[in-house]
Structures are given as structure tokens and as C-alpha cells.
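The values are calculated or read from the model by the stated rules, or taken from the named source; none is laboratory data. It should be emphasised that the depicted structure is a prediction, and the values quoted were computed from it without experimental measurement. Don't worry about glycine lacking a Cβ; one is built from the backbone with ideal geometry, like all the others, and counts go over all protein chains shown.
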Amino acid sequence: MKGTWEPDPDTGITGTAYVTEQLEAFVDDLSAAHTPGVYAIKCSQPVGFERVARRFNDKYDKPAPDWLMEAWACDAALYVGGADNIYERLEQHAEKEQTAAFLEIFPAHSIYEIWPCEDTEEAFQRESEIAIELQNKLRMVYVHQR
């Protein structure tokens, strides 16, 4: 249905956009994206909370949790995750393979930012810190982490 998402997920990485093209804005060499790190994805938000709640209920067969309304009502939604290989994890999200529950309801649209790390342990440690920093900096944006 046209006009029911902002931004439209069909124009994002779960649609016609390529992860490699979007990553080029954040790294000089794509090999830098094949490292451990933290990423933030801008998510698409359905127009109309009833649609959000129905998507959640259909997927998980339970009532919508409290955070669902908060995520939908904000000006934008970000998903923050840590990975041992940023590129591969973003590809999994784009292909909807092993994707996060949040991204089932609010599809990934575009890469907001990436933060390469020295190792996987640092990436998972920094994930929460970065999510909190973003939430404090971007007041009208809902920030979700795994």
C-alpha cells in the first residue's frame, strides 16, 4: 500500500537499496565494514498505530508491548546493534535473515551510522553506550537495541 510508511521500506535496504552503497558513505574502503562494530539503522514506521499493533500481534500472537506505542509515536525510530562483522549483519537485516524482532515491525530503511571496534567484545560493550548516547542526543527519536 502506498503512503502507509515513512520512510517507505521499499526504498530502503529491505527494498531496492544496497547495503554496500549505503556503507560507502561511512567508510573509505568497504573492507572496514567487515570488522566488529556497532551500527544504527533508521527504521520505517507504519502510518497508524493500529497497523503497528496488528503487525506485532500477527507476528508474535500476543498483545503489543508498551514500548511499541513509544516507538511508533516518535519522529523517527533507530535500531542499534553490535556485530562481529558489521557488513554481514547489515546484509542479514536487509535480507530479513536472522533479523531482530524490532525490525520485523519497523523495517530497516537506511544506515544511520556505524562505529567500527577493535573486537567483538568491545562492539557488544559499546552497543548500549551508543544507544544511550543517541537517545540523549536525539530527543524525539526512539532508540531500540537488542
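Some observations on this one:
- Some residue of region 69-81 being small (Gly, Ala, Ser) and surrounded by fewer than 16 Cβ atoms within 10 Å (Cβ to Cβ): yes
- Residues of region 117-139 classified as in contact (Cβ under 8 Å) with a residue 12 or more places away in the chain and either farther than 23 Å from Tyr87 by Cβ or outside any helix (DSSP H, G or I) (or both), total: 4
- For Tyr18, the conditions (1) under 25 Å from Ser128 (Cα atoms); (2) touching a helix residue (DSSP H, G or I) at 6+ places or on another chain (Cβ under 9 Å); (3) at pLDDT 90 or above all hold with the exception of (1).
- Apart from one condition, Asp29 fits all of (1) surrounded by fewer than 18 Cβ atoms within 10 Å (Cβ to Cβ); (2) touching an Asp or Glu at 6+ places or on another chain (Cβ under 8 Å); the exception is (2).
- Of the numbered criteria (1) at pLDDT 95 or above; (2) within 22 Å of Ala25 (Cα to Cα); (3) within 17 Å of the chain's Cα centre (by Cα), the one Pro107 fails is (1).
- Any hit, region 54-66, residues being surrounded by 13 or more Cβ atoms within 10 Å (Cβ to Cβ), at pLDDT below 90 and outside any loop (DSSP other than H, G, I, E, B): yes
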